[in-house]
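For reference, the structure is listed below as structure tokens.
Readers should treat all values here as calculations from the given coordinates under stated rules, not as data from a laboratory. Worth saying up front: this structure is predicted, and the values here are computed from it rather than measured. Using ideal geometry, Cβ is built from the backbone for each residue, glycine included, and neighbour counts are taken over all protein chains shown.
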Amino acid sequence: MTTLVEVLAGSPALLALGEPTHGESAFLQIRNDAFLTLAEHGYRSIALESDRAAGLLADAFVQGAAVPLDRVLAEGFSHGFGAAPANRDLLLRMREWNDGRPAAERLSFHGFDAPLEIEGVPSPRRHLVRVCEFLDLDRSAEIDDLVGDEARWSDTAAIWEPGRSVGRSSDAQRLRVLADDLLTELYLRAHLRPEGWQAAFVHATSAVAVLRYHAAAAAPLVQEERFARLAAVRDALMAENLLAIRAVEAHRGPTLVFAHNTHLQRHPSTMTIGATEVSWAGAGAIVGALLGERYAVIVGSLGASPALGIDVPAATTYEGRLSQKLTLPGYVRAAEIEPAERRTHDYRYFPLDQAAIDHADAVLHIPTGLDATVLADRISALPDVEQVVASEEDGSPEGAWGDRFFHVGPDRRQPFATIVEHDVPGFDEAGQLDRPGVFRLNLDLGRAEFERMFGFAPKAFEEHRDAFDFARLDTVTPHPGYALYGFASIVMPGPQMLPEIDRLLAVAHARAVERHERATRRATDQRD
């Protein structure tokens, strides 16, 4: 794969890496590798499309705080992004990088979204309370009185019916004044309490952001204009956060920002609502206008996604032509991409068009994501391979139903590869395979290849077990249950790993072929 460093000209202060859809893990997995590579070139922070205030907890974990990882994944991300296995890996890899390094070289995690969804906005209560706690001010009774019933703030119908919105009520107006006063007080006391000030500032600005969005939701606009206005306000809040993050990180090094293409592209975002096409300036358009050449954009492009049900694109589209050019994920300079047709937009995927190409520095194209079925088809294409899928009918235990076993020849006692999607309670739970969408490829490498890869013989595995994170994606590890027999594993490998997967499959398949040939010779000799 052409590397991110190779495709970049210079080192922008803010490098945006986009994805064209949420839910295709390959983008997040490649993002993780890209960020750790960029860290070797001076990048010191990453900002994700997630609540900035929630991200404070994720950053505390990255910096080494004794916070349970499960809690960080549940509370340190918004939009449910903590459930993405690749985000778990990102936090752990950043924490490992930071261990033992000086402050100037440590990596920081940021969210850059406001604490809201397009159709769901909470009250500012918790953010205001956190600021008051930092300032040692007791204004909880006043805040509680003005906020009142939380349900009137989180009413999703109010986002589309301005008459139901609390955003321009006298209570909301008084809360905006209160939030502004607290911001002023923060600055007045900054010289007295610098430690923890930045976190309090994030909560204060989050409170202001929530109140701004509620005010926008109360504007008497028709639905099409209303959506465009709310999307624009959200992106403006994102842009404000990105500029604030850069102000914090400027002295340490550049920042990688990862989000949906529509939030990062330099040109206006568009969407069709009913029969009307609406347009607004995304965060990237705002930040790009203010930072100029210090802002660079790589937009994401996707061929097929088995996980999302997105089929192979037509050969005449941008994605189709890129898939013909790239068999593996890769970066392509935008100037090298010729005009093509626009792929159909079905709201699962925002396709490339000429405007996206014209305003981007490069494109990250992923020809296809990987799932268990795609990988199984790849293994079954090897010579003389038979696949067995565990089921109730063949007497397999329920926990194994759907797991795949690959053999050479009729002797099915020892598969050379398996694909499993379930933990085995009490025996094999280290891979955390019960996470949604997670699967693991297991390969019989034999003693020699196992020792070459890991530096110790299979029989010595237990002495090294604690050195491995068996739930990490895109990493070849000893099999947590069968390493003693020379088995290795890869949890949820991304498409960038296909060359290494093919190499290891060749090793395992050759061993199976040799076993089958020996068995055939023995059977022939016995008959003779």
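Take Ala190 and Glu336, extend 7 Å from each Cα along the Cα→Cβ direction, and tell me the distance between the two endpoints in nm.
Going by the 7 Å Cα→Cβ label model, 4.4 nm.
Given a Förster radius of 41 Å and the C-beta distance between Ala314 and Lys459 as r, what FRET efficiency does 1/(1 + (r/R0)^6) yield to the nearest 0.05?
0.15
With just the Cα atoms of the chain, tell me how far they stretch along each of the three principal axes, in Å, largest first.
97, 52, 49
Going by the alpha-carbon gyration tensor, a ≥ b ≥ c the square roots of its eigenvalues, is the stretch 157-246 rounded (a/c under 1.5) or, if a/c is not under 1.5, prolate (a/b greater than b/c) versus oblate?
oblate
Tell me the Kirkwood radius of the stretch 256-299: reciprocal of the mean inverse pair distance over distinct alpha-carbon atoms, in Å. Walk me through the intermediate numbers first.
Values: mean 1/r = 0.0906 Å⁻¹.
When all Cα pairs of the stretch 256-299 are included, the Kirkwood radius is 11.0 Å.
First check a/c for the stretch 146-195, with a ≥ b ≥ c the square roots of the eigenvalues of its C-alpha gyration tensor; if it is under 1.5, answer rounded, and if not, answer prolate when a/b is larger than b/c or oblate otherwise.
prolate
Give, as a single signed number, the net charge of other residues whose beta carbon lies under 14 Å from the beta carbon of Arg518, with Lys and Arg counted +1 and Asp and Glu -1.
+1
Give me the compactness ratio for the stretch 299-449, meaning the Cα radius of gyration over 2.2 N^0.38 Å.
Cα-based Rg divided by the globular estimate yields 1.34.
Can you pull the one-decimal nm distance between simple spin-label points at Thr344 and Gln198, each 7 Å off the Cα toward Cβ?
Here the answer is 4.8 nm between the modelled labels.
What is the spin-label model distance, in nm, from Gln387 to Asp99 if the labels are put 7 Å beyond Cα along the C-beta direction?
In this crude label model, Gln387 to Asp99 measures out at 3.8 nm.
What does the net charge come to around Gln432 if you take all other residues with beta carbon closer than 14 Å to its beta carbon, with K and R at +1 and D and E at -1?
Every neighbour counted, the sum reads -4.
Need one word for the stretch 187-307: rounded, prolate or oblate. Basis is the Cα gyration tensor (sqrt eigenvalues a ≥ b ≥ c); a/c below 1.5 gives rounded, then a/b vs b/c decides.
oblate
Apply the Karplus parameterisation 6.51 cos²θ - 1.76 cosθ + 1.60, with θ equal to phi minus 60°, to every residue of the stretch 419-426 and state each ³J(HN,Hα) to the nearest whole Hz, in sequence, with x for glycine and proline.
10, 10, 10, 9, 6, 10, x, x
Please list, in chain and number order, the residues 5+ apart from His479 or on another chain whose amide H is under 5 Å from its amide H, with Hs placed from the backbone.
For His479, the qualifying residues are Phe487, Ala488, Ser489.
Angle between the Cα long axis of helix 197-217 and the longest principal axis of the chain, 0 to 90 degrees, nearest 10?
With both axes taken from Cα atoms, the answer is about 80 degrees.
Order these peptides, 249-259, 11-21, by their mean beta-carbon neighbour count within 10 angstrom, highest first.
Going by the mean number of other Cβ atoms within 10 Å, highest first, we get 11-21, 249-259.
Report D for the stretch 196-239 in µm² per second (integer): Stokes-Einstein, Kirkwood Rh on Cα pairs, 10 °C, 1.306 mPa s.
This corresponds to a translational diffusion coefficient of 140 µm²/s.
Which GluC sites (Glu not before Pro) does the stretch 122-159 hold that lie in a coil by DSSP with at most 12 other beta carbons within 10 Å?
On the way: sites: Glu133, Glu142, Glu150; in loops: Glu150.
Filter output for the stretch 122-159: Glu150.
At 222 nm, what helix-only mean residue ellipticity would the chain give, in deg cm²/dmol to the nearest 500, using -39500 (n - 2.57) for each DSSP H run of four or more?
-12500 deg cm²/dmol
Please compute the contact order of the chain in relative form: average sequence separation of alpha-carbon pairs under 8 Å and at least six residues apart, divided by the residue count, as a percent. Each step should come with its number before you reach the end.
Numbers: 960 pairs, mean separation 80.3, N = 528.
It rounds to 15 percent for the chain.
Of all GluC sites (Glu not before Pro) in the stretch 392-487, which ones are in loop regions per DSSP and have a Cβ with at most 14 other Cβ atoms within 10 Å?
Here the GluC sites (Glu not before Pro) that fit, given the DSSP loop and packing criteria, are Glu392, Glu393.
Using 0.36 nm times the number of residues separating Thr276 and Arg518, minus their current alpha carbon distance, what extension gain do you get?
80.2 nm is the gain from fully extending Thr276 to Arg518.
Expressed as a whole percent, how much of the Cα-Cα distance distribution for the stretch 15-140 exceeds 27 Å?
Considering the stretch 15-140, 22 percent of its Cα-Cα pairs are separated by more than 27 Å.
At a 10 angstrom cut-off on C-beta neighbours, averaged per residue, how do the peptides 28-38, 344-354 rank from highest to lowest?
Details: 28-38: 21.5, 344-354: 16.2.
Output ranking for 28-38, 344-354: 28-38, 344-354.
Using 0.36 nm per residue, how much length does the chain from Ser380 to Asp144 gain when fully extended, once their Cα-Cα distance is taken away? Please list the in-between numbers first.
Numbers: separation 236, 0.36 × 236 = 84.96 nm, distance 6.26 nm.
Length gained, Ser380 through Asp144: 78.7 nm.
For the ranges 279-285, 184-190, 493-499, what's the packing order if you count other beta-carbon atoms within 10 Å of each residue, average per peptide, and put the highest first?
By packing density, highest mean first, the sequence is 279-285, 493-499, 184-190.
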